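Colleague: So that we are looking at the same thing, I have put the structure below in C-alpha cells.
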Amino acid sequence: MDGDNLTGAVVASFDGSPDPRTREVMSALVRHLHAFAREVDLTEQEYFRGIDFLTRTGQISTETRQEFVLLADVLGLSMLTVGLDTKLPPEATAATVFGPFFVEGSPAYELGDDIANGAPGQPCLVGGRILNISGEPVAGALLETWQADEDGFYDVQKNLGVPQNRGHFTTDAEGNFSFWSVRPVAYPIPDDGPVGELLRAGGRGPMRPAHIHFMVTAPGYARLITHVFAAGDEYLANDAVFGVKDSLIAEFTEHPAGTAPDGRELDRPYASVHYDLVLAPTEETL
Ligand code: BEZ
Ligand code: FE
C-alpha cells in the first residue's frame, strides 16, 4: 500500500464508529499525523525516540504530576484549547491555562484574611471586584486562588501538608474580594522530566512570569479560569506555556512599612494589586 492509500485506509478504518465526532476527530488526527511524518521525512530512529519520549512522559506522571498536560502546555496546545473552547465576549476577563497546581477543597477564608500561612515572601494585598459584562457586581461568587511563594514553589511542591497561598472566598454584596498573600515571583515549571529535556533541546527556558491564579464560579456565569500577571516581569514575553494575555497584566505597587488600606500594620514594605474579574454569562443566559 503506498503512502496516500495508507492514509486513506487508516481514515476509512474509523468509518464504522457510531459517533460522528469520533470519526471527524480521528480522521483529522490521522491525516495530520501522517502529513507531519511526511513533511519531516521521519526516520525510524526518530520514530523510536518519539515513542521513548512519550513512554517516559507516561512513566513520570502520577496523581500529582501530569507530564502530558505539561507537554501540552509547552507545545501551546493548552492555550490553544482555552481559546477555541472559551468564546468570551470582549468585555469579559480573558481565560488562561489552568496549570497543575490547583487543589480541590482549599481552605475557606473571610475577605481580608491572610492566606500566606507562613509562606516566605513580601506581604501582598490582593483585591478587586467580580463584575458582570455590564459592570454590575456579582455578589456571592466563589473565588478560588493559588500561587507560588517567593522561592517560586507552590505549597504542594513543598509537601508541607498545610495549604499556603491557597484558599477560597465568597464575594460580598458589592462583588469585592480581598486577601493577603505574598508577592508572586517568576518560577520554572517542573523541568526535571521529559518536558524539561524537550525545553533544553529546543533552546527554551522553563520560566513563567509572576502570577496569581484565580478560578471564579457563580450561578448564571461561565466559570473563569485565569491568572493576573505582574507588570514588568522579565518573562512576560516568553512564558514557557504561552499563557500571557496583555489584558491580564496588572501593576503590583510597592508600599513602605506602615498602615495598609485595610488597617493592617506592616513593619516592612509590602505590595498591593487591584484587579477586577469580569464574568461572561453562561451560554443559556446570553
Ligand atoms: C502554573 O501556572 O501553575 C503552571 C501552568 C502550566 C504549567 C506549569 C505550571
Ligand atoms: Fe502558576
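Colleague: What number goes with the only condition from (1) within 19 Å of the chain's Cα centre (by Cα); (2) at pLDDT below 95 that P89 does not pass?
Modeller: (1)
Colleague: If you don't mind, another one. Scanning the stretch 169-209 for residues that are assigned to a loop (DSSP other than H, G, I, E, B), of a type outside the set (D, E, K, R) and without any contact (Cβ under 8 Å) to a residue 40 or more places away in the chain, which turns out nearest to A94 (Cα to Cα)? Give the steps one after another, and end with the answer.
Modeller: First pass over the stretch 169-209, keeping only residues assigned to a loop (DSSP other than H, G, I, E, B): 171-175, 183-186, 189-193, 202-206, 209.
Okay, now just the ones that are also of a type outside the set (D, E, K, R), so 171, 173, 175, 184-186, 189-190, 193, 202-203, 205-206, 209.
The next check asks that each one be without any contact (Cβ under 8 Å) to a residue 40 or more places away in the chain; those that pass are 173, 202-203, 205-206, 209.
Working: A173: 24, G202: 29, G203: 29, G205: 25, P206: 23, P209: 17 Å.
Here the residue is P209.
Colleague: Which residues, counting only those in the stretch 237-285, are under 26 Å from I133 (Cβ atoms) and free of Cβ contacts under 8 Å to residues at least 60 places away in the same chain?
Modeller: Selection gives D246, I249, A250, E251, E284.
Colleague: For the stretch 156-170, enumerate the residues that are at pLDDT below 95 and within 12 Å of ligand 1 (Cβ to nearest atom).
Modeller: Result: V156, Q157.
Colleague: Continuing with the same structure: Applying the selection to the stretch 102-111, what residues are surrounded by fewer than 17 Cβ atoms within 10 Å (Cβ to Cβ) and assigned to a loop (DSSP other than H, G, I, E, B)? Can you show your working first?
Modeller: Residues of the stretch 102-111 that are surrounded by fewer than 17 Cβ atoms within 10 Å (Cβ to Cβ), as a first pass: 102-105, 107-108, 110-111.
F102, V103, E104, G105, P107, E110, L111 - these are the residues of the stretch 102-111 that are surrounded by fewer than 17 Cβ atoms within 10 Å (Cβ to Cβ) and assigned to a loop (DSSP other than H, G, I, E, B).
Colleague: So, one more: Tell me whether the stretch 128-143 contains one or more residues that are within 16 Å of ligand 1 (Cβ to nearest atom) and farther than 30 Å from D52 by Cα. Before you say what the answer is, go through the steps one by one.
Modeller: From the stretch 128-143, those within 16 Å of ligand 1 (Cβ to nearest atom) are none; that's our starting set.
Within the stretch 128-143 (the criterion being within 16 Å of ligand 1 (Cβ to nearest atom) and farther than 30 Å from D52 by Cα), the answer is no, since none of the residues qualifies.
Colleague: Quick check: anything in the stretch 221-239 at pLDDT 95 or above, more than 15 Å from ligand 2 (Cβ to nearest atom) and under 19 Å from W146 (Cβ atoms)?
Modeller: There is at least one residue in the stretch 221-239 that is at pLDDT 95 or above, more than 15 Å from ligand 2 (Cβ to nearest atom) and under 19 Å from W146 (Cβ atoms).
Colleague: May I ask you to list the residues in the stretch 198-221 that are of a type in the set (A, V, I, L, M) and crowded, with 21+ Cβ neighbours inside 10 Å?
Modeller: From the stretch 198-221, those of a type in the set (A, V, I, L, M) are 198-199, 201, 207, 210, 212, 215-216, 218; that's our starting set.
If the condition is that a residue be of a type in the set (A, V, I, L, M) and crowded, with 21+ Cβ neighbours inside 10 Å, then A210, I212, V216, A218 are the ones that fit.
Colleague: Taking only pairs six or more apart or across chains, which ones have beta-carbon atoms under 9 Å, a first residue in the stretch 132-146 that is more than 13 Å from T226 (Cβ to Cβ), and a second residue that is assigned to a strand (DSSP E or B) and within 16 Å of ligand 2 (Cβ to nearest atom)?
Modeller: From residues that are more than 13 Å from T226 (Cβ to Cβ), the pairs are L142/M215.
Colleague: Collect the residues in the stretch 82-117 that are touching a helix residue (DSSP H, G or I) at 6+ places or on another chain (Cβ under 9 Å) and more than 19 Å from S247 (Cβ to Cβ), keeping them in residue-number order.
Modeller: P100, F101, V103, N117
Colleague: Something else now. Has the stretch 46-64 got at least one residue that is within 16 Å of ligand 2 (Cβ to nearest atom) and either surrounded by 12 or more Cβ atoms within 10 Å (Cβ to Cβ) or under 22 Å from E197 (Cβ atoms) (or both)?
Modeller: Restricting attention to the stretch 46-64, the residues satisfying the condition of being within 16 Å of ligand 2 (Cβ to nearest atom) are 64.
Cutting the leftovers down to either surrounded by 12 or more Cβ atoms within 10 Å (Cβ to Cβ) or under 22 Å from E197 (Cβ atoms) (or both) gives us 64.
Yes, some residue in the stretch 46-64 is within 16 Å of ligand 2 (Cβ to nearest atom) and either surrounded by 12 or more Cβ atoms within 10 Å (Cβ to Cβ) or under 22 Å from E197 (Cβ atoms) (or both).
Colleague: Which of the residues belonging to the stretch 69-93 are of a type in the set (V, I, T) and either in contact with a Leu (Cβ under 6 Å, 6 or more places away or on another chain) or under 18 Å from A222 (Cα atoms) (or both)?
Modeller: Residues of the stretch 69-93 of a type in the set (V, I, T): 69, 74, 81-82, 86, 93.
Matches in the stretch 69-93: T81, V82, T86, T93.
Colleague: In this structure, does V30 turn out to be surrounded by 11 or more Cβ atoms within 10 Å (Cβ to Cβ) and assigned by TED's automatic domain parsing to the domain that holds R208?
Modeller: no
Colleague: For the stretch 206-223, give me the residue count where each residue is of a type outside the set (S, T, N, Q) and away from ligand 1 (no atom under 13 Å from the Cβ).
Modeller: Taking the stretch 206-223 first, the residues of a type outside the set (S, T, N, Q) are 206-216, 218-223.
Subsequent filtering for residues that are away from ligand 1 (no atom under 13 Å from the Cβ) retains 216, 218-223.
Selection size over the stretch 206-223: 7.
Colleague: Across the stretch 92-111, what is the total count of residues that are of a type in the set (D, E) and modelled with pLDDT of 95 or more? Explain how you work it out, then say what you get.
Modeller: Step one: filter the stretch 92-111 for residues of a type in the set (D, E), giving 104, 110.
Still in the list and also modelled with pLDDT of 95 or more: 110.
Count: 1.
The values are calculated or read from the model by the stated rules, or taken from the named source; none is laboratory data. Every value quoted in this text rests on a predicted model; they were computed, and no experiment measured them. When we count neighbours, we look across all protein chains shown, and the Cβ atoms used for this are built from the backbone with ideal geometry, even at glycine.
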